[in-house]
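Okay, structure first, notes after.
The values are calculated or read from the model by the stated rules, or taken from the named source; none is laboratory data. Worth saying up front: this structure is predicted, and the values here are computed from it rather than measured. Heads up, the Cβs are rebuilt from the backbone with ideal geometry, glycines too, and the neighbour counts pull from every protein chain shown. With ligands, DNA and RNA removed, areas are computed over all heavy atoms of the protein, side chains included. Shrake-Rupley method; radii C 1.70, N 1.55, O 1.52, S 1.80 Å.
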Amino acid sequence: MAQRYCEVALPVPLRSTFTYAVPESLDGEQLVGRRVVVPFRNRAMVGVGVAETDRPPDMAPAKSPAKSHPKTTIREITGVMDTLPALPPKLIELGEWISRYYLAPIGETFRAMLPPEIELRHDREYWLTDAGRAYLEELSSGEELMEEEARERELLRRFDAEEEAAGAARARRKDGWEAAAKKLVRRGYLGAREVLRQRKTRTQKIVAWSPAGAEPAPQHLPESKRRTEASGAEERIREFLTATRGPVPMGLLMKKAGASRAAVERLAKKGRLVIWEEPLTTGEDPWDTDFIPPTNELNEEQQEALAEIRGWLAAGKFTAGLLHGVTGSGKTEVYLGAIEATLARGKTAMVLVPEIALTLWMSRLVRARFGAGVAVLHSGLPEIERAREWWRVRHGEARVVAGTRSAVFAPLENVGLIIVDEEQESSYKQEETPRYNGRDVAVYRARLEGAVALLGSATPSIETYHNARAGKYRLVRLTARVANRPLAGVRIVDLREEFRARHKAAPVSEALREALAVRLEAGTQAMVLINRRGYSWSLLCRSCGAVVQCENCSIALTYHKSRGRLECHYCGYDARPAKACPKCGGEYMYYVGDGAERVEEYLREKFPQARVARLDRDTVRTKREYQQVLGAFAKGEIDILAGTQMVAKGHDFERVTLVGVVAADLALGRPDFRAAERTFQLLTQVAGRAGRGALAGEVLVETYYPEHYAIECAARQDFISFYEKEAHFRRILHYPPFAALANVVVRDRKIENAIQWSRALAGYFAAFEKRGVKVLGPAAAPLARLRRDYRFQFVLKSPERASLGKALAGCLDFAAAKEIPAAAVIVDVDPASLS
């Protein structure tokens, strides 16, 4: 039989696959889509098979200009992890498209699509070399040794006694030994290689009462006699297992029944308990199990929208549609109806939301409607739980998937519907390789699957609405709120006028403070949005005007009062607040700006009787904490909820009658062409949180720029007018959707290298100015230094996407030819932001 070869995509930053020989032990095995273990340089790696051939590599055509096959022996695949291909054919095709379109290394693209590798763990093996044996003999010659030499001798003796290579765990048994082993590797006395080992599955003991075991004392016996027949611990265990819960983990049984491990094991020996082991899994979330979904009847507009979508599903071909509905119009009910119609046709469905926080709410609704056939996928899950959910989908046990952007890679087959809720959100854009947009990938996957892609929003992105107007997407509208509830009234608070009247500034305007007092008196709830974390934005020297900056980034440090630290929200660097200016030594340091922490403190001061809480990344870091805050607010245990944009989207609280927006124009000052769009979307979304029940709502928007069209249109909740104005500016300035856009960043720890490489790329891009590609730069990036890297950027625009694609692909080949490190050049196609 002819030798078979497999093209394997490995998670390395190279735009090529690697060819491996298929060993005889895998003859007849289909390897495309399966995870395989292969040797790569001096270590073992997990990749995915993407193609098979029977031609040797030097005869097979290269898939990429960057691919080459050195004249060496072709190494073999050493193992296969999956019995069922992890990636079905459609996902292989999708991954190859993402790699081409976003110019991402194909192996890193597939790594983003695959489940966590919970079956394996990475380890390092050491062994004694010939030079090491000679050095060990020298150290054992009897001469007096220094402390470090004595340690090296003991370590080398340990490895000399091993018949096989020893794992790194052996070198870790004493402090400093692993570091010493690495030094010996560099000196050639030890050899080392990276290996993959099977990870032990964590298990737990499960306990159940044995129906065949000895019976408890008969109930007709006297109480004292029953107590002699069964101890108190035994009675509690029996009661808990038979009357309360049934089989439970041993740890939970011991806690609830107040029994010791010895008592449980004693009953097991008597035959009264059955004990077995099961894999340790995450317990079911009571947030889901206790949830009772609302029963909403569809109004006429919702019924018409759902009928339209059912028509697309019935056609059985690719359709992309935009569900444009005002806040509170009941888009979620339309989603659920569309999923139901999809399942009725024997197909599968997925619903994407922009943030993990919203996944919790959406997954509750979907699970309540469709039961155990729903899987939830997002990066916030523990690896074991995420892998379990992923494989449930792959084995067909789940037909509906809810999750964030990465859930677009869920291994569903026979897909009929992909829903992208709040499609305008920038969090659908991945900020690391592969830099894909989850919304656009969802549309392309729907095209591959012949499915319906349904994008939903009250504030669609300019690009999506442009596509709907141009007929590329179908457009369905929901123009009124459920039950004909009115939209909340919006009042603009001009902070310039307030300062003129009061001659001082406060974290919250007087108008908003009075409105909050009215709501507290009425017994309703309020939300306050301040889209800035921390207590103060920065710490400034009043002598020289310098702000205290991050050591690694060109950004001011944010003051967090609760921790007493200045922190960088980009790299995590923190420091104590300076008592004197680091630049001039001045004593007069001043905290500038109010963040969410300061607003919360101010509200507690002004309303001491109110129950105030804050919702941002500083107060909630886990799913459980997030649920607790929102659960308390939903139950009416919190009067005022302040926070960042985490409070702005997707939540439905019927007793909220006031929403206040503090510093609404913060984003307008950013050097980004999407600044006005982001501001309009955020204000409109947060305004939609008020008046969602029977009580009327009001929104107060604080701003220093009330005449800006984004503020004015958001106050009227007039998307069409905003779109017309914004599209006019985009057309004139050649920004999306009227031009294809890319951002190229050149970075390095040494500013000299970053400048040199930027100039080289500028010479390359100059030729494309005559080919319809507008090149801006190189210039210092808005964030000129990030995580110690100096950064320069190019902005490329072109009315023809193909021309832009050629310029970008050639840019990476040019950089490789000039020996510019691959990690030094970042290409971001369709960037969500230029800042």
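Of note:
- Length released on extending from Glu304 to Ala762, taking residue separation times 0.36 nm less the Cα-Cα span: 159.5 nm
- Less than 5 angstrom separates the built amide H of Leu455 from those of Gly321, Leu322, Leu323, Val420, all sequence-distant by 5 or more or on a different chain.
- In this structure the amide hydrogen of Ala781, modeled in the peptide plane, comes within under 5 Å of the amide hydrogens of Arg791, Phe792, Gln793, none closer than 5 places in sequence on its chain.
- Qualifying GluC sites (Glu not before Pro) for the stretch 551-599 [loop in DSSP, other Cβ within 10 Å: at most 13]: Glu551, Glu587
- Database remark: amide H of Arg4 closer than 5 angstrom to the amide H of Val22 (H placed geometrically; neighbours at sequence offset of 5 or more, or on other chains; Pro and chain starts carry no H).
- Surface composition of the chain: carbon and sulfur atoms hold 49% of the protein heavy-atom accessible area at a 1.4 Å probe.
- R0 of 25 Å, Cβ-Cβ distance Ala610-Ala501: FRET efficiency to nearest 0.05: 0.45
- Label assignment, Kirkwood radius over Cα pairs in Å derived from the structure, set (i) 31.9; (ii) 31.1; (iii) 30.4: (ii)
- Greater than 21 Å apart at Cα, pairs in Lys205/Lys623; Lys579/Lys606; Lys331/Lys623; Lys504/Lys583; Lys770/Lys797: Lys205/Lys623; Lys579/Lys606; Lys331/Lys623; Lys504/Lys583
- Scoring 730-739, 713-722 by mean Cβ neighbours within 10 Å over their residues and listing the highest first yields 713-722, 730-739.
- Here the extension length gained between Ser379 and Arg153 equals 76.8 nm, from 0.36 nm per residue of separation less the Cα-Cα distance.
- A DSSP coil position with no more than 14 other Cβ atoms inside 10 Å describes the following trypsin sites (Lys or Arg not before Pro) in the stretch 521-557: Arg542.
- Taking every DSSP bridge with both residues inside the chain, close to 55 percent are antiparallel.
- Leu786 accessible area, 1.4 Å probe, all protein chains in place, Å² to nearest 10: 30 Å²
- Between Ile720 and Arg621, the simple label model (points 7 Å from Cα in the Cβ direction) yields a spacing of 4.9 nm.
- Taking trypsin sites (Lys or Arg not before Pro) across the stretch 732-793, the ones in a DSSP loop with at most 14 further Cβ atoms lying within 10 angstrom of their Cβ are Arg749, Lys750, Arg788.
- Here the relative contact order of the chain, from alpha carbon pairs under 8 Å that lie six or more residues apart, stands at 9 percent.
- For the stretch 28-40, 3J(HN,Hα) per residue [Karplus equation, 6.51 cos²θ - 1.76 cosθ + 1.60, θ = phi - 60°, Hz, x = Gly/Pro]: x, 7, 7, 9, 5, x, 9, 7, 10, 9, 9, x, 9
- Theoretical FRET efficiency, 1/(1+(r/R0)^6), r = Cβ-Cβ of Lys205 and Ser25, R0 41 Å, to 0.05: 0.65
- The protection proxy used here, the mean number of other Cβ atoms lying within 10 Å of each residue, ranks peptides 629-638, 328-337 as follows, highest first: 328-337, 629-638.
- Considering only alpha-carbon pairs that sit under 8 angstrom and 6 or more positions apart, the relative contact order computed for the stretch 540-643 is 21 percent.
- Measuring r between the beta carbons of Leu475 and Ile755 and using R0 = 60 Å, the FRET efficiency lands at 0.80.
- Added length on full extension, which subtracts the Cα-Cα distance from 0.36 nm per residue, Ala696 to Arg788: 28.1 nm
- Accessible area per residue for the chain, computed on protein heavy atoms with a 1.4 Å probe, is 47 Å².
- Normalising the average separation of contacting C-alpha pairs (under 8 angstrom, six or more residues apart) by the number of residues puts the relative contact order of the stretch 681-787 at 13 percent.
- Per-residue [θ]222 nm for the chain (sum of -39500 (n - 2.57) over DSSP H runs n ≥ 4, rounded to 500): -10500 deg cm²/dmol
- Ala546 versus Ala575: modelled label distance in nm, points set 7 Å from Cα along the beta carbon direction: 0.9 nm
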